[in-house]
Each structure stands twice: as structure tokens, then as C-alpha cells.
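Participant: Below you'll find the structure I mean.
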Amino acid sequence: VQLQASGGGLVQAGGSLRLSCTASESSDRFRDMGWYRQGPGAKRELVARISLAGNMNYADSVRGRFIISRDNAKSTVYLQMNSLKPEDTAVYHCYALRWGRSTEIWGQGTLVTVSS
């Protein structure tokens, strides 16, 4: 399976971006889909995840600002990022976790840069 992410870019603080990640196979094969990020000099952080049933979890650092959604018909997971802060600057990677597996499949990263 391949995960193709897009939507990163440069935005000013307070702005918004939407990331998309499309899987090359049906997303009903994935129990979870979501996004990690890793900023400069920072540890990798799970930003948000969404189950096939639509249950969502967020990192405390983004809760209330970011919204994750999933369109299973399009095999795509989205991350709507609002009220962006410079500390949101990172490479964002989407991932998918198959049913019954413990190892995630990662897509290529997309860079988000938030200027102050």
C-alpha cells in the first residue's frame, strides 16, 4: 500500500492549512489512520488519529485547533489545521494501521512551516 500526502506549505501564524493523505487501497482495511509530526529538534508526536468508526483522538497541543476527518469512499484522511502557531512547524507524516497489525504504514512527509 502507498500513502500519498499533500497540502503542506508556508503559512503565517493564525492561518490555516489542510493536509490530505490518500491510500492506494480501500481504507476499510485500516483500523486507524492519522498524522504524526516531527519538528526541528523535537520528538515525533502523534497529532491526531481517527478510527474506521470515526472515533478521534488528538494531541493536547492541537486539540481545539486541528480537525481530523476521514472519507472512506476516497480512502483519504484529512487534517484541517486552524489557528496555526510557529510551534506547529514540522514535517507531517500520515499513517495507516491495518486491522490485526501492530506496525503502521507511513506515507512520505509533507512540510508545514508557520511563520511568526
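Participant: Return yes when Ala53 is open to solvent by 30 Å² or more (accessible area, probe 1.4 Å), hydrophobic (A, V, I, L, M, F, W, C) and either over 20 Å from Gly7 (Cα atoms) or in a loop (DSSP other than H, G, I, E, B) (or both) and no when it is not. Spell out the reasoning first.
Facilitator: Details: open to solvent by 30 Å² or more (accessible area, probe 1.4 Å): yes; hydrophobic (A, V, I, L, M, F, W, C): yes; either over 20 Å from Gly7 (Cα atoms) or in a loop (DSSP other than H, G, I, E, B) (or both): yes.
When the stated conditions are applied, Ala53 passes them.
Participant: Still on this structure, please answer the following. Please verify whether Asn72 is among the polar types (S, T, N, Q) and modelled with pLDDT under 95, treating the condition exactly as stated. Give the derivation first.
Facilitator: Working: among the polar types (S, T, N, Q): yes; modelled with pLDDT under 95: yes.
Yes; evaluated as a whole, the condition is true for this residue.
Participant: Within region 41-59, is even one residue within 16 Å of the chain's Cα centre (by Cα) and β-branched (Val, Ile, Thr)?
Facilitator: yes
Participant: May I pose another question? Taking only region 70-93 into account, find how many residues are of a type in the set (S, T, N, Q) and within 19 Å of Gln108 (Cα to Cα).
Facilitator: Within region 70-93, the first condition is being of a type in the set (S, T, N, Q), and the residues that meet it are 72, 75-76, 80, 82-83, 89.
With within 19 Å of Gln108 (Cα to Cα) added as a condition, the list becomes 75-76, 80, 89.
Number of matching residues: 4.
Participant: Go through the residues of region 27-37 one by one and say whether even a single one is at pLDDT 95 or above, outside any helix (DSSP H, G or I) and surrounded by fewer than 14 Cβ atoms within 10 Å (Cβ to Cβ).
Facilitator: No, there is no match, as no residue in region 27-37 is at pLDDT 95 or above, outside any helix (DSSP H, G or I) and surrounded by fewer than 14 Cβ atoms within 10 Å (Cβ to Cβ).
Participant: Show the residue pairs meeting these rules: Cβ distance below 7 Å; 6+ apart or different chains; first residue within region 86-107 and free of Cβ contacts under 8 Å to residues at least 60 places away in the same chain and in a loop (DSSP other than H, G, I, E, B); second residue small (Gly, Ala, Ser) and open to solvent by 10 Å² or more (accessible area, probe 1.4 Å).
Facilitator: What qualifies is Thr89/Gly39.
Participant: May I ask you to list the residues in region 5-24 that are closer than 15 Å to Leu79 by Cα, part of a strand (DSSP E or B) and of a type outside the set (A, V, I, L, M, F, W, C)?
Facilitator: Correct list: Ser6, Gly9, Arg18, Ser20, Thr22.
Participant: Now for a different question. If the Cβ limit is 6 Å and pairs must be 6+ apart or interchain, which residue in region 60-78 that is touching a residue at least 12 places away in the same chain (Cβ under 8 Å) and part of a strand (DSSP E or B) pairs with which residue that is surrounded by 13 or more Cβ atoms within 10 Å (Cβ to Cβ) and among the polar types (S, T, N, Q)?
Facilitator: Ile67/Gln80; Thr76/Ser20; Thr76/Thr22; Tyr78/Ser20; Tyr78/Ser69
Participant: Determine, yes or no, whether Val62 is in contact with a helix residue (DSSP H, G or I) (Cβ under 9 Å, 6 or more places away or on another chain) and either loosely packed, with under 14 Cβ neighbours inside 10 Å or over 14 Å from Cys21 (Cα atoms) (or both).
Facilitator: On the way: in contact with a helix residue (DSSP H, G or I) (Cβ under 9 Å, 6 or more places away or on another chain): yes; either loosely packed, with under 14 Cβ neighbours inside 10 Å or over 14 Å from Cys21 (Cα atoms) (or both): yes.
Spelling it out, Val62 is indeed in contact with a helix residue (DSSP H, G or I) (Cβ under 9 Å, 6 or more places away or on another chain) and either loosely packed, with under 14 Cβ neighbours inside 10 Å or over 14 Å from Cys21 (Cα atoms) (or both).
Participant: Do you know which of the residues in region 76-105 that are at pLDDT below 95 and surrounded by fewer than 15 Cβ atoms within 10 Å (Cβ to Cβ) is nearest to Ser27 (Cα to Cα)?
Facilitator: The selected residue is Trp99.
The values are calculated or read from the model by the stated rules, or taken from the named source; none is laboratory data. Small disclaimer: the values here were computed from a predicted structure and weren't measured. Methodologically, a virtual Cβ is constructed for each residue, glycine included, from the backbone with ideal geometry; neighbour enumeration extends over all protein chains shown. In case anyone asks, the SASA skips ligands and DNA or RNA and just uses the protein heavy atoms, side chains included. Shrake-Rupley method; radii C 1.70, N 1.55, O 1.52, S 1.80 Å.
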